[in-house]
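One structure is given below, encoded as structure tokens.
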Amino acid sequence: MRGFQVQRVPLTSPGTLERVPRPVRAVVVGGGLAGCAAATVLAERGAEVTVLERNAYLGGRAGAWTERFPGGEPFEMERGFHAFFRQYYNLRDLLRRIDPGLHHLTPLLDYPLLGPHGARESFTGLPRRPPFNVLALIRRTPRLRLADLLRVNGAAALEMAAYDPVTTWRDLDDVNARDYLDSLRFPPDARQMLFNVFAHSFFNPEEGMSAADMLMMFHFYFMGNPEGLVFDVLDEPFSLALWEPLRRHLTRLGATFRLGTPAERVERCGDGWRVGLAGSDEALAADVVVLATEVPALKALVDRSPQLDDPAWRRQVARLDVTLPFAVWRVFLDRPVRHDRHPFVGTTGLGHVDNISVYERFEGESRRWAMRTGGSVVEVHAYAVDERTTEVELRADFLRQLHDLYPETVEAKPLHELFLWRQDCASFAPGTYRDRTTVETPFPGLALAGDFVKLPFPSALMERATASGFLAAGHLLARWNVRPPEVWSVPGRGLLGPVRHLLPALGVLWR
Ligand SMILES: Cc1cc2nc3c(=O)[nH]c(=O)nc-3n(C[C@H](O)[C@H](O)[C@H](O)COP(=O)(O)OP(=O)(O)OC[C@H]3O[C@@H](n4cnc5c(N)ncnc54)[C@H](O)[C@@H]3O)c2cc1C
């Protein structure tokens with residue numbers, strides 16, 4: 001069932017043919033969600049697709065690969081815990097190709113937020129529909145009393161319910177999220193528990209993120225989300241539940257995967273393209289190309305491809321950037337954490353830590369390991385980590401916070417651990433929106449996809465990656481009048497969006 005306010009996104013070139021009328025060769029550079037979503041639609045519409053992926057495994061930032069315990073036993077490692085929200089309509093459509101009943105998605109009905117001195121917020125039991133969900137959260141939290149609400153900057157607070165795809169960006173893209181949140185005048189602990197986690201959830205520091213991006217995310221996840229604040233997780237490693245089945249599905253549709261094969265450059269060739277492979281003279285001829293890499297790789301590819309010669313577009317690509325690094329620590333403990341620990345908790349104000357998950361509480365492989373060994377598989381994440389922080393400091397902080405929050409881990413011995421420290425998530429810095437790249441490029445037959453690409457509707461992270469892949473494929477197939485995929489989104493505007501210009505007056509009434 002679609003939520004009551006969901007919108008079908010109208011595409012500009014609604015073709016009518018089910019399949020391409022002649023042989024079409026498509027090369028997709030990047031085998032993450034964006035690339036595989038594009039590859040899926042292209043292959044389903046009859047194109048002969050080759051996916052080039054730099055890594056030896058599919059999935060990119062949502063990928064999984066095989067590691068080994070010291071004794072040699074294999075296990076699947078990922079880039080970390082991922083939440084599949086219910087309004088990820090396009091991602092769910094992609095998953096239904098391989099799991100029609102979405103049986104691999106298992107709900108996490110509560111994901112508490114833990115703060116300093118035992119502070120705690122919960123998102124369970126809230127009404128599903130906006131704005132009742134947010135109103136109920138405000139009524140329920142002990143951190144906001146009526147007197148606090150009367151002191152709040154009403155006009156600024158109402159912005160959260162008034163997202164508008166044009167004017168929010170016009171008015172607030174140059175403001176940073178920290179200044180915007182400070183301007184709300186929430187009491188400090190309400191500010192910390194309700195808002196501090198938000199920018200970090202998109203890997204960006206508050207002071208380095210556009211307030212308009214934050215308001216779009218707020219609309220997408222809360223105020224404009226008709227599906228409720230709960231999310232699902234995959235019940236097996238991403239490789240088993242997602243990537244292997246998707247690879248089999250695409251292979252059956254005739255797609256070819258070249259793993260461990262980075263693209264080096266893109267050149268024009270008649271009406272089409274040639275994609276040169278790194279470290280070899282080989283180049284693949286293509287009628288259409290989707291560049292679906294993360295930001296640094298796209299910039300490098302474009303640098304090495306002088307024939308992508310539109311100066312304004314090259315400037316746009318050059319201005320894309322990554323945000324601060326993130327870290328993921330997975331530790332296999334020799335004893336279980338307490339039985340009432342949640343599968344996932346968010347944290348705020350607890351050093352560098354942003355969340356802690358207990359993998360055997362939701363993921364099959366970890367559950368089997370925990371049953372065999374009597375241990376626990378715990379993962380700790382930190383996002384937007386200050387670049388001056390060293391790995392040693394970060395690890396020490398992870399351990400300290402884990403011991404404080406889950407004291408039963410103090411005595412536990414780590415049987416094995418993995419620490420990832422990466423910097424490849426996109427920056428959404430203030431003042432960058434107008435110049436961000438879109439799916440369409442100035443070059444016929446070449447499209448972009450990825451979670452950093454500007455879309456014509458609210459979206460984020462895995463969902464934006466998938467939606468951009470669908471849009472890229474639809475855009476390229478329009479040349480042959482082929483039917484684009486259906487693309488869905490939450491409502492494009494907030495409840496107060498149509499009267500956003502009245503917010504200053506409403507703010508005065510509030511006070
Ligand atoms: C720790 C962590 C936690 C996260 N949690 C969540 C979450 O809870 N919910 C959520 O929605 N999202 C989450 N995300 C974000 C999510 O993982 C990303 O938004 C999404 O996976 C991005 O997909 P993508 O296809 O745009 O990019 P990527 O996954 O980065 O894919 C790009 C691919 O291109 C390949 N590539 C690069 N250069 C080349 C080249 N030259 N030739 C060939 N291939 C190349 C890369 O190897 C990669 O596989 C999380 C991310 C991280 C890191």
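The values are calculated or read from the model by the stated rules, or taken from the named source; none is laboratory data. Model, not experiment: these values are computed from the prediction. No Cβ is skipped: glycine too gets one built from the backbone with ideal geometry, and neighbour counts run over all protein chains shown.
Only one of the numbered conditions (1) more than 11 Å from the ligand (Cβ to nearest atom); (2) out of contact with any Lys or Arg (no Cβ under 8 Å at 6 or more places or on another chain); (3) at pLDDT 95 or above is violated by Ala34, and that is (1).
Of the residues making up region 403-426, those that are part of a loop (DSSP other than H, G, I, E, B) and surrounded by fewer than 22 Cβ atoms within 10 Å (Cβ to Cβ) number 7. All of Asp174, Asp110, Asp99 fail the test of being touching a Ser or Thr at 6+ places or on another chain (Cβ under 6 Å), farther than 20 Å from Leu506 by Cβ and part of a loop (DSSP other than H, G, I, E, B), apart from Asp110.
Rundown of residues vs (1) without any contact (Cβ under 8 Å) to a residue 60 or more places away in the chain; (2) assigned to a strand (DSSP E or B), yes/no style:
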position	(1), (2)
Asp281	yes, no
Leu284	no, yes
Val289	no, yes
Pro296	no, no
Leu301	no, no
Gln307	yes, no
Trp313	no, no
Ala318	yes, no
Leu324	no, no
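Among all positions in region 77-90, there is no residue which is free of Cβ contacts under 8 Å to residues at least 60 places away in the same chain and surrounded by fewer than 19 Cβ atoms within 10 Å (Cβ to Cβ).
Does Arg97 count as in the same structural domain as Phe457 (by TED's automatic domain parsing), surrounded by fewer than 18 Cβ atoms within 10 Å (Cβ to Cβ) and of a type outside the set (Ser, Thr, Tyr)? Spelling it out, Arg97 is indeed in the same structural domain as Phe457 (by TED's automatic domain parsing), surrounded by fewer than 18 Cβ atoms within 10 Å (Cβ to Cβ) and of a type outside the set (Ser, Thr, Tyr).
The set of residues from region 362-394 being away from the ligand (no atom under 16 Å from the Cβ), under 24 Å from Ala83 (Cβ atoms) and part of a helix (DSSP H, G or I) comprises Gly364, Glu365, Ser366, Arg367, Arg368, Trp369, Ala370.
Of all residues in region 416-460, those satisfying the criterion of being under 30 Å from Gly71 (Cβ atoms) and within 15 Å of the ligand (Cβ to nearest atom) are Leu418, Phe419, Leu420, Trp421, Arg422. Looking only at region 150-160, how many residues end up being of a type in the set (A, V, I, L, M), surrounded by 15 or more Cβ atoms within 10 Å (Cβ to Cβ) and more than 14 Å from Ala211 (Cα to Cα)? Counting residues in region 150-160 that are of a type in the set (A, V, I, L, M), surrounded by 15 or more Cβ atoms within 10 Å (Cβ to Cβ) and more than 14 Å from Ala211 (Cα to Cα) gives 2.
Results for (1) over 23 Å from Tyr433 (Cα atoms); (2) part of a loop (DSSP other than H, G, I, E, B); (3) not hydrophobic (A, V, I, L, M, F, W, C), shown as yes or no for each residue.
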position: Leu149; (1), (2), (3): yes, no, no
position: Leu158; (1), (2), (3): no, no, no
position: Thr168; (1), (2), (3): no, no, yes
position: Asp179; (1), (2), (3): no, no, yes
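Give the residue that is surrounded by the fewest Cβ atoms within 10 Å (Cβ to Cβ), with candidates limited to residues of region 461-474 that are small (Gly, Ala, Ser) and either at pLDDT below 95 or more than 8 Å from the ligand (Cβ to nearest atom) (or both). By that ranking, first place goes to Gly474.
Within region 60-74, none of the residues are crowded, with 19+ Cβ neighbours inside 10 Å and more than 12 Å from the ligand (Cβ to nearest atom). If you go through region 195-224 and keep only what is out of contact with any helix residue (DSSP H, G or I) (no Cβ under 8 Å at 6 or more places or on another chain) and more than 25 Å from Gln423 (Cβ to Cβ), you end up with just Gly224. Looking across Arg86, Arg68, Arg139, Arg151, one residue alone is at negative phi and within 26 Å of the chain's Cα centre (by Cα). It is Arg86. Kindly evaluate Pro127 against the criterion of being part of a strand (DSSP E or B) and either among the basic types (Lys, Arg) or surrounded by fewer than 19 Cβ atoms within 10 Å (Cβ to Cβ) (or both). Answer is no for this residue. Here is the figure for region 229-259: residues that are within 16 Å of the ligand (Cβ to nearest atom) and over 30 Å from Leu284 (Cα atoms) total 9.
When Arg54 is tested against the conditions (1) crowded, with 19+ Cβ neighbours inside 10 Å; (2) near the ligand (Cβ under 10 Å from one of its atoms), the lone failure is (1).
Exactly one residue out of Ala292, Ala278, Ala263 is within 13 Å of the ligand (Cβ to nearest atom), assigned by TED's automatic domain parsing to the domain that holds Leu477 and touching a Pro at 6+ places or on another chain (Cβ under 8 Å), and it is Ala278. Within region 466-489, does at least one residue satisfy the condition of being part of a helix (DSSP H, G or I), under 30 Å from Arg395 (Cα atoms) and in contact with an Asp or Glu (Cβ under 8 Å, 6 or more places away or on another chain)? Within region 466-489 (the criterion being part of a helix (DSSP H, G or I), under 30 Å from Arg395 (Cα atoms) and in contact with an Asp or Glu (Cβ under 8 Å, 6 or more places away or on another chain)), the answer is no, since none of the residues qualifies.
Taken together, Arg128, Arg97 contain a single residue that is more than 30 Å from Asp340 (Cβ to Cβ) and touching a residue at least 40 places away in the same chain (Cβ under 8 Å), which is Arg97.
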